[in-house]
1. For segment 42-59, give me the residue count where each residue is farther than 14 Å from Val94 by Cα, within 13 Å of the chain's Cα centre (by Cα) and outside any loop (DSSP other than H, G, I, E, B).
2. Which of the residues that make up segment 45-59 are surrounded by fewer than 17 Cβ atoms within 10 Å (Cβ to Cβ) and on the phi < 0 side of the Ramachandran plot?
3. Only residues that are within 19 Å of Lys91 (Cα to Cα) and in a loop (DSSP other than H, G, I, E, B): list them for segment 19-41, please.
4. When the residues of segment 7-32 are filtered to those that are among the acidic types (Asp, Glu) and under 14 Å from the mean Cα position of the chain (by Cα), which remaining residue is surrounded by the most Cβ atoms within 10 Å (Cβ to Cβ)?
5. Six or more apart or on different chains, Cβ under 7 Å: which pairs go from a residue in segment 11-32 that's more than 16 Å from Gly55 (Cβ to Cβ) to one that's in a loop (DSSP other than H, G, I, E, B)? Could you list them?
Amino acid sequence: MSNQEQLDISHNKDSNRFETTIEGQTGYISYQERGDTLVYDHTIVPQALGGRGVGSKLVKHALDYARDHDKKVVPQCSFVSSYINKNPEYKDLV
């Protein structure tokens, strides 16, 4: 999978997470909803999918979702926090 390849990311509302499954491995970013704020608490990418940009694509999807739904974001997960620092166009969500 190249970095340009699209991931099929679904919103699993029952589990409060955005997830994608590749080759039988599921990566996800989980959240807690607090009013108009989404607390992104864990980004989990199986080792077999590491180094393929899966985590970054999940975080971007989650941040775009927050923006599209007028939500603020609490980047409790260090991976989400790091992504926002590297992509300042998302700092207004925090």
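Each reported figure results from applying straightforward, stated rules to the coordinates on display, with no laboratory input. Bear in mind that the values here come from a model prediction, so they are computed numbers and not experimental data. Don't worry about glycine lacking a Cβ; one is built from the backbone with ideal geometry, like all the others, and counts go over all protein chains shown.
1. The total comes to 8.
2. Pro46, Gln47, Ala48, Gly50
3. Asp36
4. Glu19
5. As it stands, the answer is Gln32/Asn16, since those pairs meet every condition given.
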